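Encoded as structure tokens, the structure appears first; notes follow it.
The values are calculated or read from the model by the stated rules, or taken from the named source; none is laboratory data. Predicted model only: the values in this text are computed from it and were never measured. Cβ sites come from the backbone with ideal geometry, for glycine too, and all protein chains shown count toward neighbours. Ligands, DNA and RNA are excluded from the accessible area calculation, which covers all protein heavy atoms including side chains. Shrake-Rupley method; radii C 1.70, N 1.55, O 1.52, S 1.80 Å.
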Amino acid sequence: MEDIEELLREARKRDIKIVMDLVVNHCSDEHEWFQKACVDPEGKYGKYFYFAKKENGKLPCNWRSYFGGSVWEQVPNTDWYYLHVFHKKQPDLNWENPDLRKQIYKMMNWGLDKGLGGFRVDAIINIKKPLPFCDYEADREDGLCDMNEVLKHANGIGEFLAEMRDETLNPHNAFFVGEVFNEKEEELNDFMGENGYFSSIFDFSQT
């Protein structure tokens, strides 16, 4: 923390704003929250993630991770599985849980209160999943469905993004640039208009 505070002090001397990378779709499987969640998937921290068991030998959905293979990974020595749309070491956070969202905003505001100019928000479009979990048409021989197709069925992400903006960006007049890759043209003003969710957006897609 001392290094960050020194960086911010030196940046202020030079009239420079620091924008840091922010990942809030998922966390590390070594994070304290996830470690506690694996011990008690039905407890407080379990609800910070997505845990499920097989029903009739079947996983909750046939989504394919961006890294390949199922989005579901078994918790060792249990019959529980957790969701990860990226690498299996990056369990997805459950944004449907208001307590989880409060913890994220608290963390963001801590940095902004310290003097950060804003955030580059990674993979944010993934925070809204289509629920309840279900299968979609498979697009490869593995029987799984690409996440880009899955996200087309997710509605309501604007509620999360507007809340994040109002709880963090607006009170600090901060700069937010969001990784957004599947917005519709008619939604652009919602994402980066006069009172958009972000100050700006960028798209990493290759197609």
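A few notes on this one:
- Loop sites in region 38-133: GluC sites (Glu not before Pro), DSSP, at most 16 other Cβ within 10 Å: E42, E96
- Solvent exposure of the chain, expressed per residue, is 57 Å² of accessible area, with all protein chains present and a 1.4 angstrom probe.
- Length added when fully stretched, Q35-I16, from 0.36 nm per residue minus Cα-Cα: 3.1 nm
- Close amide H contacts of H26 (hydrogens built in the peptide plane, cut-off under 5 Å, sequence separation of 5 or more or a different chain): L93.
- Counting heavy atoms of the protein chains alone, D203 has an accessible area of about 80 Å² for a 1.4 Å probe.
- Proximal aspartates and glutamates to K114, defined as alpha-carbon separation beneath 18 angstrom and excluding residues fewer than eight positions away on the same chain: E2, D3, E5, E6, E10, D15, D21, E167
- The C-alpha atoms of region 132-181 occupy a region whose extents along the principal axes are 49, 21, 11 Å, arranged from largest to smallest.
- Free of any trypsin sites (Lys or Arg not before Pro) that DSSP assigns to a loop and that have at most 15 other C-beta atoms within 10 Å, the longest stretch within the chain is 90-139.
- Averaging 1/r across all pairs of distinct Cα atoms in region 15-135 and inverting the result yields a Kirkwood radius of 15.4 Å.
- Nearest-10 value in Å² for the accessible area of W110, using the 1.4 Å probe: 120 Å²
- For the chain, carbon and sulfur atoms together expose 47% of the accessible surface, with a 1.4 angstrom probe and every protein chain in place.
- Length gained on full extension, R120 to K88, computed as 0.36 nm times the residue gap minus the Cα-Cα distance: 9.2 nm.
- Length available on full extension from N155 to N109: 0.36 nm per residue minus the Cα-Cα distance, which gives 13.9 nm.
- Reach of K53 by Cα under 24 Å, taken over lysines that are not fewer than 8 positions away in the same chain: K36, K44, K88, K89, K128, K129
- Across region 39-134, the relative contact order, built from alpha-carbon pairs under 8 Å that are at least six residues apart, equals 24 percent.
- Computed accessible area, D190, all protein chains, 1.4 angstrom probe, square angstrom: 80 Å²
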